[in-house]
Amino acid sequence: MKPKIFILAMKLLWREWRAAQWYVVFFALLLAITAVTALHFYTDRLFRGVTQQSTKILGGDLVVTSSTPFSLAWKHEANRLKLRAAEVWVYPSVVSAGNRLQLTNIQAVSANYPLIGEITSSITPHTAWVEPRLLPLLALNLNDMMTIGAANFRITNVLSSDLEILNMGWAIAPKILIRLDDVPATRTVIPGSRIEYRLLLVGSETQLQQFRTWILPQLNSSQRLLTISNQQTMFWDVLQRTQSYIQLVLLVGLTMSGVAIAMSIRQYMRRHYAHVALWRCLGIKKNHIIQIVIYQLIVIAFVTGVIGIILGYFTQALFVHLFEDVFRFPLPEADTGPIILGFATSCMLVFLFAYPLISELPYISPLYIWRNQLAVRSNPSRIYWMTILIALIAFLYWFMNFSLLTLFFIDVLLLSIGFLYLLSVLMLSFIRLILQQTEGTIRRGLSQLVNYPESVSIQIVGFTLVLMVIFLLKLVRTDLIENWQQSLPSRTPNYFAFNIAPTDLPKLQQFFHQQQINIAGIYPMVRGRLIALNGKPIMTAVPMSSRSNNALHRDLNLSWMWQFPADNKIVSGQAWMKQDQGKPLLSIEDRLAQNLQLKIGDELTFRIGSETVSAKIANIRSVEWSSFHPNFYVIFLPGVINHFFTTYITSFHLQPNQTMLLNQLVQQFPNITVIDLANVLNQLLSLINKIAQALQYIFLFSLGTGILIFITSLQATMDERRQTYHLLHVLGASQKYIYKSLMVEFICFGLVILWASLALAWTNAWLLKRLIFGL
């Protein structure tokens with residue numbers, strides 16, 4: 001850095017700042033940095049907060065389940081990795097009070113439970129927390145005593161829905177929470193008892209990944225690793241789509257900011273043509289001109305970045321304060337990522353859009369002072385434009401963690417720019433054809449468009465992109481929320497019943513009919529383990545990256561049917577046909593097929609009991625796991641596995657005032673197991689409503705930012721029009737004539753922008769919903 005050049009650049013910057021020449025660029029950049037950092041601060045905190053809320057479903061970031069007691073080595077490894085761990089035992093047991101007996105679902109938890117969330121009062125030894133519906137069954141009240149096995153417990157509290165792990169076990173009977181240390185005193189657990197052991201873990205992603213890598217090879221068929229992502233719950237679908245929408249919002253913010261910066265710097269540089277021409281007359285070197293402007297842009301980018309980041313932080317803090325009553329869960333502290341992003345965005349926006357104009361300045365002829373004409377200069381080299389494009393794409397990929405959405409958005413943006421430029425050329429050509437047929441203010445307004453073709457094309461591209469991305473956010477947000485609401489109608493099944501014996505089917509159907517309970521369908525089910533692919537052992541036949549998939553380490557629920565459930569759609573292959581009867585064919589879920597890299601025609605072999613069964617993949621299905629209906633990874637053609645021992649599964653909906661029917665159900669059908677999803681469903685609805693409101697406010701903020709950027713960009717294009725109409729006024733044109741011609745110009749200009757932005761937004765929203773959001 002040459003000190004004299006830098007000092008000169010700072011003096012000129014101060015003089016130009018006092019003359020308000022930098023204001024348009026400064027405020028456009030400040031608005032861009034504030035908007036992007038505020039959105040990134042807020043959405044990052046919001047998404048991390050929502051993710052923390054969703055992990056309460058499992059009770060931890062990672063859960064290991066087993067039908068046998070844990071190895072002590074598991075706990076030692078968790079301690080070594082500094083993971084917080086808690087233990088839960090889930091098993092059925094009979095409790096008594098007086099002469100009343102009741103089957104219950106015991107949840108025995110270690111002293112440090114829960115790892116996520118808070119309990120307002122501790123669970124002390126020899127006390128129990130019970131589900132509210134247990135109290136009338138035993139004719140008890142709070143602080144009364146009841147007996148579990150050989151020990152007495154005092155009921156000190158009722159279970160709330162905050163203890164999410166309690167909703168994940170056997171729920172045919174009312175739930176009871178006790179201390180794990182109290183289990184030996186009850187004598188309810190003996191060798192051979194049916195217990196589900198759970199190890200709950202909370203820690204950083206790095207620690208959890210190390211534990212996953214360590215424990216996965218040790219798991220047997222009765223042990224599983226559970227996370228929110230591998231449970232195929234609607235929570236995961238909601239989170240994935242929310243994250244994609246947040247990424248879309250940030251990409252939109254960068255697009256709008258880039259448009260504003262490009263148009264603002266373009267105006268600023270045009271104002272400096274005369275200055276540079278004068279410098280050329282005084283003998284300044286070309287490289288010194290570039291250095292002066294670059295030094296100025298560096299200072300502007302740094303100062304604006306600092307102020308924008310500070311304003312962005314306080315803006316997101318204001319959002320958190322305003323909406324804390326809406327979300328009702330604490331958000332994590334702000335991360336440092338948006339600070340780095342703010343400076344990177346500031347520098348990228350300034351130099352990416354400014355350098356093409358900066359490179360023109362040294363070639364301005366000194367004759368510009370007298371002729372007011374620019375010398376024609378060849379366009380920058382292809383290498384320059386390729387470098388700029390690669391830098392922009394690399395920045396966006398880094399910014400968005402290399403997501404598929406980024407690639408889609410870049411493609412859409414480039415195609416939209418090309419389409420809009422072609423549209424502007426066609427529009428101007430059409431105006432030239434009809435210009436001779438017009439007169440008066442109409443002719444004046446249309447002439448203004450034709451006289452500045454380059455400026456009009458840039459404005460059409462810029463303004464249309466800003467409007468398009470605002471409309472795009474609105475369309476995608478609306479469809480997301482509607483999809484979530486439609487996927488959880490008022491009578492969504494909130495209970496699953498399985499282990500239904502074939503002999504109980506008629507009586508069970510009669511029970512549901514008498515109680516006027518609609519069931520979602522009753523499906524046969526057998527348990528089988530995938531052991532081979534195309535005749536090769538499965539662990540050697542699938543790619544290395546797929547060998548950790550849970551489906552390869554446990555038994556799968558297998559079924560058979562002619563008609564797939566309504567929330568299953570065939571995405572590849574053909575549906576069953578009558579002539580297929582007797583053939584060994586199966587259908588597989590699409591995500592499992594993708595993870596294991598399976599294709600139509602592959603032969604899968606399952607071990608069911610002591611036998612093996614092989615069948616070829618006839619079709620691949622997409623499955624709406626969020627529908628709360630029974631669904632299966634693998635469905636066979638009827639006749640292939642029908643001869644194996646079979647149980648049935650179904651789901652149904654109970655109103656809050658019907659929950660006592662579960663007690664009748666367990667008395668009439670003691671072998672049936674029911675999973676209670678009512679609290680999970682209620683919290684899912686609550687979470688969806690919170691996310692929907694979050695997206696609403698994010699959209700409103702983006703809309704406000706877009707409007708301000710639109711105004712800033714419009715202000716940056718007014719100089720040319722202002723000079724033209726001042727000249728017309730000097731030549732005798734009336735103010736009415738000028739206003740009417742302006743009206744013609746803006747109406748023509750606005751209609752094209754509005755039509756193009758709506759058409760592009762609708763098209764891109766449709767593509768986004770199908771390709772990215774899966775709607």
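The values are calculated or read from the model by the stated rules, or taken from the named source; none is laboratory data. This structure is a prediction, so every number in the text was calculated from the model and none was measured. So basically every Cβ, Gly included, is an ideal-geometry build from the backbone, and we count neighbours across all protein chains shown. All accessible areas refer to the heavy atoms of the entire protein, side chains included, with ligands and DNA or RNA removed. Shrake-Rupley method; radii C 1.70, N 1.55, O 1.52, S 1.80 Å.
Details
- Label point 7 Å beyond Cα of SER110 along Cβ direction - residues of the range 183-202 with amide nitrogen under 19 Å: 183-185, 195-202
- Normalised by the number of residues in the range 519-652, the average gap of Cα pairs under 8 Å and 6 or more apart makes the relative contact order 39 percent.
- Modelled FRET efficiency - R0 56 Å, THR336 with ILE600, Cβ distances, 0.05 increments: 0.70
- Share of carbon and sulfur in the accessible area of the range 62-226 stands at 53%, probe radius 1.4 Å.
- Cα→Cβ-extended label distance, 7 Å offset, between ILE7 and ASN152, nm: 9.3
- Mean Cβ count within 10 Å, highest first, over the residues of peptides 644-653, 560-569: 644-653, 560-569
- Here the range 519-652 exposes an accessible surface that is 51 percent carbon and sulfur, computed with a 1.4 Å probe and the other protein chains kept in place.
- Distance between modelled label sites at ARG547 and TRP562, nm, 7 Å Cα→Cβ extension: 4.3
- Per residue, the accessible area of the range 519-652 comes to 45 Å², computed with a 1.4 Å probe over protein heavy atoms only.
- Of all DSSP beta bridges in the range 519-652, antiparallel share, percent nearest 5: 75
- For the range 62-226: relative contact order, % (alpha-carbon pairs under 8 angstrom, 6 or more apart): 40
- Unsatisfied cross-links (Cα-Cα over 29 Å) in the set LYS536/LYS583; LYS75/LYS599; LYS11/LYS285; LYS175/LYS507; LYS474/LYS599; LYS75/LYS536: LYS75/LYS599; LYS474/LYS599; LYS75/LYS536
- Mean Cβ count within 10 Å, highest first, over the residues of peptides 310-317, 203-210: 310-317, 203-210
- A Förster radius of 30 Å, combined with the Cβ-Cβ distance separating PHE644 from GLN667, puts the computed FRET efficiency at roughly 0.55.
- Solvent accessible area, Å² - LEU585, 1.4 Å probe, full protein context: 30
- Between ASN141 and ILE570, the distance separating the two model label sites (each 7 Å from Cα on the Cα→Cβ line) works out to 6.3 nm.
- Annotation: VAL306 carries an accessible surface of approximately 50 Å², with a 1.4 Å probe and no ligand, DNA or RNA atoms counted.
- For the range 62-226, accessible area per residue (1.4 Å probe, heavy atoms of protein chains only), Å²: 44
- Under 20 Å from the LEU758 label point (7 Å along Cα→beta-carbon), backbone N, the range 453-474: 460-474
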